[in-house]
1. Could you give me the residue pairs with C-beta distances under 6 Å whose first residue belongs to region 179-196 and is closer than 12 Å to residue 19 by Cβ, whose second residue is among the aromatic types (Phe, Trp, Tyr) wherever it lies, and which are 6+ apart or on separate chains?
2. Can you name the residue in region 56-87 that is over 22 Å from residue 159 (Cα atoms) and not β-branched (Val, Ile, Thr) and, of all such residues, is nearest to the chain's Cα centre (by Cα)?
3. What do you reckon, is residue 84 within 24 Å of residue 139 (Cα to Cα), touching a Pro at 6+ places or on another chain (Cβ under 7 Å), of a type in the set (A, V, I, L, M, F, W, C) and surrounded by fewer than 24 Cβ atoms within 10 Å (Cβ to Cβ)?
4. For the subset of region 90-131 comprising residues that are under 14 Å from the mean Cα position of the chain (by Cα) and in a helix (DSSP H, G or I), which member is surrounded by the fewest Cβ atoms within 10 Å (Cβ to Cβ)?
5. Is there a residue in region 97-111 that is at pLDDT below 95, polar (S, T, N, Q) and under 15 Å from residue 186 (Cα atoms)?
6. Can you find even one residue in region 166-182 that is over 30 Å from residue 229 (Cβ atoms), assigned to a loop (DSSP other than H, G, I, E, B) and touching a His at 6+ places or on another chain (Cβ under 7 Å)?
7. Restricting to region 210-219, name every residue that is surrounded by fewer than 19 Cβ atoms within 10 Å (Cβ to Cβ) and within 15 Å of residue 119 (Cβ to Cβ).
8. Name the pairs whose Cβ atoms lie under 7 Å apart, with the first residue in region 124-139 and among the hydroxyl-bearing types (Ser, Thr, Tyr), the second part of a helix (DSSP H, G or I), and 6 or more positions between them or separate chains?
Amino acid sequence: MKKYVAEFIGTAVLVTLGCGTAMLVGCDAAAGGGYILTALAFGLVIVGMAYSIGNISGCHINPAVSLGVLMSGGMSVKDFVGYVVSQCLGALAGAGVLAVIFTTGSVTDMTGGFGSNGLAGVNGSVVSGLIVEIVLTFVFVLTILGVTDKKANHGSFAGIVIGLTLTLVHILGIGLTGTSVNPARSFGPALVAAFTGNTAPIACLWVFIVGPLVGAALAAVVYKALSSEK
């Protein structure tokens, strides 16, 4: 149960600070600064959580990461289900906190949807959105599997490498899909946005569930093949 609580907290923090930063500074391509601040926010949350709850749950805080670990033999199906449920509830809680802050505090949401993901950057193309999320998640999860592999012996640097990689994929992905690479991170804000009357994010939510899961599965298969001693 402690592992599930840790995943709930970690995902709530990710959504609150990551999506909250995006809501506050915006993601205007012309300005550019919002891109970097948002990318850094998501990456730094991973670094912070990796060194706080990493020793309890492994700090997945992402169903796609949990799927990659499951397919690599690093966790049981029971734990996988528990992790995913905890992550989704945590994302919903984080988005709820943002709703309170930005609604009752009359703060302008520069993203228009609680930092939820969308397809505006790819001109509404579902195919392009799926490709972006599959590729970015593949890179992210492949990095995680490699840096946490016991044979790699990266030790205390793993959290920093993973955080920097998440920052990297955000720098490219924010202008295209808002960068999900995390179904839970997309689920929470989209659902809260729908509750407040903005149903656009929920309409394309499936892209940000399917894409990251496919990317994670591919990463697990590729890493297993590359790291095999046979």
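1. What qualifies is 180/208; 186/208; 189/114; 192/114; 193/114.
2. Keep residues of region 56-87 that are over 22 Å from residue 159 (Cα atoms), which gives 76-78, 81-82, 85.
Okay, now just the ones that are also not β-branched (Val, Ile, Thr), so 76, 78, 82.
Values: 76: 21, 78: 21, 82: 17 Å.
Checking each candidate, the answer is 82.
3. Details: within 24 Å of residue 139 (Cα to Cα): yes; touching a Pro at 6+ places or on another chain (Cβ under 7 Å): yes; of a type in the set (A, V, I, L, M, F, W, C): yes; surrounded by fewer than 24 Cβ atoms within 10 Å (Cβ to Cβ): yes.
Against the criterion (within 24 Å of residue 139 (Cα to Cα), touching a Pro at 6+ places or on another chain (Cβ under 7 Å), of a type in the set (A, V, I, L, M, F, W, C) and surrounded by fewer than 24 Cβ atoms within 10 Å (Cβ to Cβ)), residue 84 qualifies.
4. Taking the candidates together, the pick is 92.
5. Among the residues of region 97-111, at least one is at pLDDT below 95, polar (S, T, N, Q) and under 15 Å from residue 186 (Cα atoms), which makes the answer yes.
6. If we filter region 166-182 for residues that are over 30 Å from residue 229 (Cβ atoms), which is where we start, we get 167, 170-180, 182.
From what is left, the residues that are assigned to a loop (DSSP other than H, G, I, E, B) are 174-180, 182.
From the residues that got through so far, the ones that are touching a His at 6+ places or on another chain (Cβ under 7 Å) too are 179.
Yes, the conditions are met somewhere in region 166-182.
7. Matches in region 210-219: 210 only.
8. Sorted first by the residue in region 124-139, then by its partner, the pairs are 128/122; 137/64; 137/211; 137/212; 137/215; 137/216.
The values are calculated or read from the model by the stated rules, or taken from the named source; none is laboratory data. Bear in mind that the values here come from a model prediction, so they are computed numbers and not experimental data. For neighbour counting, all protein chains shown are included, and Cβ atoms are generated from backbone atoms with ideal geometry for every residue, glycine included.
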